[in-house]
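The values are calculated or read from the model by the stated rules, or taken from the named source; none is laboratory data. Keep in mind that what you see is a predicted model, and the values were worked out from it rather than measured. All Cβ positions, even for glycine, are placed from backbone atoms using ideal geometry, and neighbour counts span all protein chains on display. Surface accessibility is based on the protein's heavy atoms, side chains included, excluding ligands, DNA and RNA. Shrake-Rupley method; radii C 1.70, N 1.55, O 1.52, S 1.80 Å.
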Amino acid sequence: RRARPERRCRGRMEAAGDALEEVLNNALSQRSVTVGVYEAAKLLNVAADSVVLCLLAADEEDGRDVALQIHFTLLQAFCCENDINILRVSNPARLAQLLRAAAAPPADLHCVLVT
């Protein structure tokens, strides 16, 4: 009997979430995480070749923030031009939990770069 498509998709999403959690834990322990839209833009400007992953986090409420969406569009374009992998995260609260290991939790979790 074959699994329903919803179950297969849910399983893949959980596996992707687990993999992302592992990547973030490793990056945090190596101090290779940059958090915040402004901080990300600064790093991309000077060392884009060191960035391997860009996480863009927004929930439904953030989706109505025009300025944030403009930032996301510009960050995505830059990342695409520089062959940087991009993941959209729809649960910023969960991302905040994963980043709590950082000494001082940042206020802006909309963009996270892993180097």
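Within segment 43-56, residues that are part of a helix (DSSP H, G or I) have Cβ atoms under 8 Å from residues that are open to solvent by 50 Å² or more (accessible area, probe 1.4 Å) in these pairs: Leu43/Thr115; Leu44/Phe78; Leu44/Asn82; Ala47/Thr115; Ala48/Phe78; Ala48/Asn82; Asp49/Asn82; Ser50/Thr115, counting only partners at least 6 apart in sequence or on another chain. For segment 20-40, the set of residues classified as part of a helix (DSSP H, G or I), out of contact with any strand residue (DSSP E or B) (no Cβ under 7 Å at 6 or more places or on another chain), farther than 12 Å from Leu109 by Cβ and open to solvent by 50 Å² or more (accessible area, probe 1.4 Å) consists of Glu21, Glu22, Asn25, Asn26, Ser29, Tyr38, listed by residue number. Scanning segment 57-64 turns up one or more residues that are under 25 Å from Asp18 (Cβ atoms), open to solvent by less than 30 Å² (accessible area, probe 1.4 Å) and assigned to a loop (DSSP other than H, G, I, E, B).
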